[in-house]
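Written below as structure tokens is the structure these notes are about.
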Amino acid sequence: MNRKAPVPLAARPVRFTKICRGVTDMKVLTIVSHPRRESLTFSVAERFVQGLTDAGHEVEMADLYGEEFHPLVFEKDEPDWDNPRKSYSARVQAEMERLKRNEGLAFIFPVWWYSLPAITKGYIDRTWNYGFAYGGARLPHKKVLWIPLVGETEASLKKRSFDTMISQYLNVGLAGYTGISQSEVAFFYNTLAEEMESEDEINKHYESLLQRAYELGQTYSDSVTQ
């Protein structure tokens, strides 16, 4: 449901780490969900990561589609309420290690049916698991930033309070329940450029979204408390 980005992304590795030193250094895992690398979702992710690195953060990107992450929970990764020390599958254990080595999280994804894409939800189902993220344990992160890309306008999403529903789920149902005290939702509205006719108007709209993504990266740690 995303239009193509105004400038296609160049091919690059599925996951990368870039280190910049600075007084605001944090390690931030950026989790991106979209089947097309040339999508607006990935352009937003690229600008966001640029903002993070320019602010002095160390960035690791998880491209869930590119890494072929399987969203289904099978028995090996099913929560065992009687065993908080359960050993999960090798893939999930590796993802848990990746989560542990980062201090901050960012999720960038399109909103489908007023919710997370299945692959994003499956990532959370499998990795934010019992004994690791809840059930006597808590996630170690200082902050999570959710960047949902919404096809419709802000007024349309708010008409039936879908913005409140989504924010409550992400901030309270997910972040709050797993011990992340600082959780923010930054909606990117009208990614389909509805009611925009001229190419110039559409390009300016997309550039404003990308500029906002960059600024969110630059200011990521501004409100993080030690």
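Observations on the model:
- Secondary structure note: in the chain, about 15% of the DSSP beta bridges are antiparallel.
- Acute angle (nearest 10 degrees) that the helix 118-127 long axis makes with the longest principal axis of the chain, alpha-carbon atoms: 30 degrees
- Square roots of five times the Cα gyration tensor eigenvalues for the chain, Å: 29, 20, 17
- Low-density loop cleavage sites - GluC sites (Glu not before Pro) in segment 111-198, where at most 15 other Cβ are within 10 Å (DSSP): Glu194, Glu195, Glu197
- Protection-proxy order for peptides 164-171, 119-126, 141-148, each taking the mean of Cβ atoms within 10 Å per residue, highest first: 141-148, 119-126, 164-171
- Between helix 40-54 and the chain: long-axis angle, C-alpha atoms, 0 to 90°, nearest 10: 70 degrees
- Residues Asp82, Asp63 arranged by fewest to most Cβ contacts within 10 Å: Asp82, Asp63
- Convex hull per residue volume in Å³, alpha carbons only, for segment 144-226: 81 Å³
- Neighbourhood net charge (14 Å Cβ-Cβ; Lys/Arg +1, Asp/Glu -1) for Leu72: -1
- DSSP-assigned coil residues among trypsin sites (Lys or Arg not before Pro) in segment 154-226, each with at most 16 further Cβ atoms within 10 Å: Arg160
- Distance violations [Cα-Cα > 25 Å] among Lys100/Lys121; Lys121/Lys204; Lys76/Lys142; Lys76/Lys121; Lys76/Lys100: Lys121/Lys204; Lys76/Lys142
- Note on the chain: GNM, Cα springs under 10 Å; of Phe162, Phe109, Phe187, the largest mean-square fluctuation is that of Phe162.
- Principal axes of segment 71-202: Cα extent on each, largest first, Å: 57, 27, 26
- Euclidean distance between Cα centres, segment 170-202 to segment 24-74, Å: 15 Å
Since every read-out is calculated from the coordinates, none of them should be taken as a lab result. In this text, all values refer to a predicted model and were calculated from it rather than measured experimentally. Cβ atoms come from the backbone with ideal geometry, glycine included; neighbour counts cover every protein chain shown.
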